[in-house]
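Each value in this text was obtained by applying a stated rule to the coordinates, not by laboratory testing. In this text, all values refer to a predicted model and were calculated from it rather than measured experimentally. No Cβ is skipped: glycine too gets one built from the backbone with ideal geometry, and neighbour counts run over all protein chains shown.
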Amino acid sequence: MSQVQEREIVIIGAGPAGSVAAGLLRKQGRDVLVIEQQQFPRFSIGESLLPQSMVYIEEAGFLQDVVEAGFQYKNGAAFRRGDKATAFDFRDKFSAGWGTTYQVQRASFDHVLAKAAEKAGAEVRYQHQVMAVDVAGEQPRLTVKSPDGDIYEVRARFLLDASGFGRVLPRLLDLETPSNFPLRGAFFTHVEDRISDPGFDRNKILVSVHPEHVDVWFWTIPFSNGRCSQGVVARSEFFASYEGDETARLRAIIAETPTLAGLLKDAVWDTPARTLNGYAANVKSLWGRNFALLGNAGEFLDPVFSSGVTIAVKSASLAAAAIARQLAGEAVDWEADYAVPLKGGVDAFRAFVESWYRGGFQDVIFHREQSPEVRRMISAILAGYAWDRGNPYVAQPARLKTLEQLCATAG
């Protein structure tokens, strides 16, 4: 094994959380090494961004890179359940800030961010795998394998895990803990959609609900090149009743949903579908001695409101600010300054996700008589502003249950 390499900040993973954290830390003048197991560009799911994420992309200095990449403009979300339809324009929302964003092929988007991090001065090592981590000493130590099989060690002043679903530190440090969410999975693919319906708004993600199962839903995310990401989410036992490969099962479930089947009647299914099972995850702690977990490496809820990337880049911003203080010699309470504020927004999202699967939030958004003020509050959370405690549904997520009951009583 070669001599131990000394670095200031090491980040595991070059996805959105890792790249944005690298950009923010480079703005502080930090020495940053990013260790990424895969070669970019690489496929990843989670293509519909939320406007709140643009705040942190801009903060990292990556806004121009993203704008010039030519991704599909997005200004809201549309929902369909049977003959009911509604849509939220994220520019009409309770919270101040960005009201528009993009729908992106993550292979391209993540590569844009990683290249921007390199342009900012971070070193990104692709196809390097973290084999072991030791956080018992004063500084975290990583054992890493290079693409040619060489093993080397890196010692850092601070370590960030942005490995997403790879969850490197939770696995290596025994931080995993079961999620309280039911076991769900997804079938998904990219198709040439050939959607000709004039009522279809390519500037919005479309979320469709299965006509018989309130907890089975579909995403349709249009891209700028005439393609879209198409997926379905359900409990594992629901999928078990369908036969065939992932593509066959995805198409069979879509066929049971007339509005979506009609929309995709001319689609070209040219890419084999994939599956993701049991994605909900949690950890015992989001931080430890000189390390912290970002984004999906810490907790992943559910894809229904596209919150994954937003939580990831929010965590990068909070962590970078805490690292700046700690390396400047200040005492940092990582629970109070990082974990608690991050979880505050995650818990607001959680209330809406749980309500969605109960069917209550669906009753709210499809209700015939809606308060414009409440709609703007909901729009803000759907746009990613789950940390704006001026919003009553962020400050007190339990209010959502009261709203559900009002809508159920009114019919």
query: Efficiency by 1/(1 + (r/R0)^6): what FRET value for Ile151 and Lys119, r their Cβ-Cβ distance, R0 = 30 Å, to the nearest 0.05?
result: 0.50
query: Between Tyr126 and Arg91, what FRET efficiency comes out of the Förster formula 1/(1 + (r/R0)^6) with R0 = 35 Å and r the beta carbon distance, rounded to 0.05?
result: 0.40
task: Can you list which of the GluC sites (Glu not before Pro) found in region 171-216 are DSSP loop residues with at most 15 other C-beta atoms within 10 Å?
output: Glu212
field: Relative contact order computed over the chain (Cα-Cα under 8 Å; 6+ residues apart), in percent
entry: 21 percent
query: Does region 274-411 come out rounded, prolate or oblate, given a ≥ b ≥ c as the square roots of the eigenvalues of its C-alpha gyration tensor, rounded meaning a/c under 1.5 and, failing that, prolate meaning a/b above b/c?
result: prolate
field: In sequence order, calculated HN-Hα J values of region 157-170 (Karplus, 6.51, -1.76, 1.60; Hz; x Gly/Pro)
entry: 6, 8, 10, 10, 9, 10, 7, x, 5, x, 6, 4, 5, x
field: Inter-site label distance for Glu212 and Leu63 at 7 Å from Cα along Cβ, in nm
entry: 5.0 nm
query: For helix 16-27, what angle does its Cα long axis make with the longest principal axis of the chain, in degrees from 0 to 90 and rounded to 10?
result: 50 degrees
- prompt: On a 0 to 90 degree scale, rounded to 10, what angle separates helix 246-255 from the longest Cα axis of the chain?
  reply: 30 degrees
- prompt: So which residue, out of Ser95, Ser48, Ser241, gets the largest mean-square fluctuation from a GNM of the chain using Cα contacts under 10 Å as springs?
  reply: Ser241
task: Using only Cα atoms, tell me the angle between helix 308-327 and the longest principal axis of the chain; keep it within 0 to 90° and round to the nearest 10.
output: 30 degrees
Ordering of 72-83, 7-18, 319-330 by packing [mean C-beta count within 10 Å, highest first]: 7-18, 72-83, 319-330
- prompt: Modelled label-to-label distance, Thr143 and Gln28, 7 Å Cα→beta-carbon offset: nm?
  reply: 2.9 nm
field: Globularity ratio of region 184-277, using Cα Rg and 2.2 N^0.38 Å
entry: 1.01
query: Which residues in region 182-203 have a backbone N closer than 20 Å to a point placed 7 Å from the Cα of Thr247 along the Cα-to-Cβ line?
result: 186-195
task: Compute the relative contact order of region 184-277 as a whole-number percentage, counting only Cα pairs closer than 8 Å that sit 6 or more residues apart in sequence.
output: 44 percent
message: Positive end of the dipole of region 3-52, charges at C-beta (+1 Lys, Arg; -1 Asp, Glu), about the Cα centre: which of Val4, Ala14, Leu49 has its Cα farthest in that direction?
response: Leu49
query: So between Thr409 and Gln370, what do we pick up on full extension, going 0.36 nm a residue minus the alpha carbon distance?
result: 12.7 nm
- request: With a cut-off of at most 11 other beta carbons within 10 Å, and DSSP calling the residue loop, which chymotrypsin sites (Phe, Trp or Tyr not before Pro) in region 260-351 qualify? Please list them.
  value: none
message: Need one number: % antiparallel among DSSP beta bridges in the chain, to the nearest 5.
response: 65 percent
- request: Express in whole angstrom the spacing between the alpha-carbon centres of region 245-318 and region 1-73.
  value: 19 Å
Highest average packing first - 138-146, 382-390, 396-404, 201-209, Cβ atoms within 10 Å: 382-390, 201-209, 138-146, 396-404
message: Whole-Hz ³J(HN,Hα) for each residue in region 221-230, computed from phi via Karplus 6.51 cos²θ - 1.76 cosθ + 1.60 with θ = phi - 60°, x for glycine and proline: what do you get?
response: 10, x, 9, 7, 10, x, 10, 8, 8, 10
- line: Bounding extents of the chain in its principal axis frame from Cα atoms, largest first in Å, are 65, 45, 40
query: Which value in nm describes the separation of the simple spin-label points at Ser108 and Ala328, placed 7 Å from the Cα toward the beta carbon?
result: 3.9 nm
field: Contour minus Cα-Cα distance for Ala261 and Thr100 (0.36 nm per residue)
entry: 55.2 nm
